[in-house]
Every structure is written in C-alpha cells, then in structure tokens.
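Contents: one structure, followed by commentary.
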Amino acid sequence: IMRQLPNEKIIYFGDTARVPYGSKSKETVTRYSRQIVRFLESQDVKAIVIACNTASAYALPELEKEVGIPIIGVVKPGAKVASETTKNGKIGVIATEGTISSGIYSAYIKEIKKDAKVIGKACPLFVPLVEEGLWEDPVTDEIARRYLTEFTQQDKDIDTLILGCTHYPLVRSTIRQVMGDEVRLVNPAYETALELSRLLKQEGILNPGEKNVEFPYQFYVSDSEDKFRSFANSILPYDVEQTKKID
C-alpha cells in the first residue's frame, strides 16, 4: 500500500499480543477484529484494510454490516486474480488453518469460475519461520518441500497457487523453487493494494496530492514494540522509528 498509494497517510495496528489468528476460532478472531476496527475508527480513518487472511475470512462479513466507511479484506482480490489467470482451472491455496477451514477462497473462486477445482493446504509453520527471519534457510526449504510436494503430484496439476497469508510472500522464492516456474504465484497483498486504490478513486476519497503531515505512517501494536519494529524495518520501504503500544 505504501508503494501503490504514496500520498496516503497510513495508520497500522498489529495485534502482536494475540497472534497467530490462524489457529483461533471464528468467534475469537471476530471479537479481536471488532476491537481493532473500533480503535482505527477512533483515529478518524477514511477506509480500513483487514490485512490478514484469517480475519478477512472470519470477520469481514460481520464488520461490513457494522462499519460506515469502506472496508476490504485480502481474500477477494486474490481469489479474483487467481480465477481470471488460471488456464486449467486447478488452483492451490496455502494459508493458515483458519483460512483453509473457512473454505472462503474456494467459495469466492467458484463464484467467478464455477468449474474451478480448488485444493487447500494449511501451512502453519511458515508464519513463525518468517517471524524469526528464516526466509532463506535450510529449515524453511525442508518445511516448504513437505507442505508443497503434494501440489506437484500429477493428479493435482495446479497451474496457480494463492499465497493466502500475508507472511507467505516473504518466502516466495522458496515456494517458487518447490513449485517451479510454470505455476503462477498469486500474492493477495499486492492485489489488495491495487483494489484499495480502485476503491478510494471510486469513493472519491483518494488523496491526489502529496502527504502534508509530519508523520505519514503511524504504527501501533498490542505488545513487543521493539520486536515488531525490528521485523517491520526488515521488510518495509520505510524506516519505522516509532511504535506505540496500546491495549
């Protein structure tokens, strides 16, 4: 979003005290998400992105009814691109346990492409490996092979793979090595940034000029500010100097 919408002010909240969401129940994830949305609304935001596949799967349908500003998740944009780009109609989805068990990617894909075959696989260990910075490491290589080999079997024959968790694109090169160049990797985070741009234009709330604020990016977390800042600075195109902890 920083790259696609450089003129927008962004307020980020990371629920570092209560992650991972992928193994939690729908009720818990929805309750946490509702609390976060209330906080963001108190910051007078004009639109909200649920930048988590599990929260998008579990909480977005409820929150859409409750929030008076545009709110989008990361599932629909990824499902849309995968549906439109697959050639043989066989699409793989790797995600957390929560996202896979919700069946939401399959449901969205089949709304667009009724005859699509969707194969889901929970890959829970990718998240802690990414959090530990083990993006290119023999341990991650081995875990990727164990998770993904079934997608390369002849009876599966997928030509598109959705990276259905916002951590997974950080191990994209490892996933690419296992899947091969012939399988298209879909990054829902990137597609969501494009969708947000379209949405802001459609609603007439896109900032066309330069940011006229001293702190264009504000970061809030629920725990471990230093650890978050170290991780954020390793992946963002912006130096995170300050992070505030809130309850």
Accessible heavy-atom area order of Asp155, Asp137, Asp44, highest first, probe of 1.4 Å: Asp44, Asp155, Asp137
Could you tell me which of rounded, prolate or oblate describes region 1-92, using a ≥ b ≥ c as the square roots of the eigenvalues of the alpha-carbon gyration tensor, with rounded for a/c under 1.5 and, failing that, prolate when a/b is larger than b/c and oblate otherwise? oblate
Hey, what number do you get for the chain at 222 nm if only DSSP H runs of n ≥ 4 count, each worth -39500 (n - 2.57), divided across all residues, to the nearest 500? -13000 deg cm²/dmol
Got a number for carbon plus sulfur as a percent of region 132-198's accessible area, 1.4 Å probe? 47 percent
What FRET efficiency comes out for the pair Glu182/Glu203, r = Cβ-Cβ distance, R0 = 41 Å, nearest 0.05? 0.60
Applying the gyration tensor rule to the Cα atoms of the chain (axes a ≥ b ≥ c; rounded if a/c under 1.5, else prolate if a/b exceeds b/c, else oblate), the class is prolate
Hey, which lysines would be in cross-link range of Lys156, C-alpha to C-alpha under 22 Å, not counting anything within fewer than 8 residues on its own chain? Lys80, Lys87, Lys90, Lys110, Lys113, Lys114, Lys117, Lys121
Distance in nm between pseudo-label sites at Thr149 and Glu64 (7 Å out along the Cβ direction from Cα): 4.0 nm
Ranked highest first by average number of other Cβ atoms within 10 Å, how do 47-53, 34-40 line up? 47-53, 34-40
Can you list the trypsin sites (Lys or Arg not before Pro) in region 93-169 that are in a DSSP coil and have 11 or fewer other beta carbons within 10 angstrom? Lys114
Can you give me the distance in nm between label points at Leu125 and Asp223, each placed 7 Å from the Cα along the Cα-to-Cβ direction? 2.4 nm
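State the percentage of accessible surface on region 5-101 attributable to carbon and sulfur atoms; use a 1.4 Å probe and exclude ligands, DNA and RNA. Write out the running numbers ahead of the final one.
Values: 2150 of 4250 Å².
Carbon-and-sulfur percentage of accessible area, whole number: 51.
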Considering amide H positions built from the backbone, and no H for Pro or chain starts, which residues 5 or more places from Ile50, or on another chain, come under 5 Å of its amide H? Ile72, Gly73
Mean accessible area per residue over the chain (1.4 angstrom probe, all protein chains present, square angstrom) is 52 Å²
Candidate residues Glu97, Glu182: accessible-area rank, largest first, probe 1.4 Å: Glu182, Glu97
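The values are calculated or read from the model by the stated rules, or taken from the named source; none is laboratory data. These figures come from a predicted structure and were not determined experimentally. Neighbour counts are summed over all protein chains in view; Cβ atoms, including those assigned to glycine, are modelled from backbone coordinates with ideal geometry. Just so you know, the surface numbers come from the protein's heavy atoms only, side chains and all, with ligands and any DNA or RNA stripped out. Shrake-Rupley method; radii C 1.70, N 1.55, O 1.52, S 1.80 Å.
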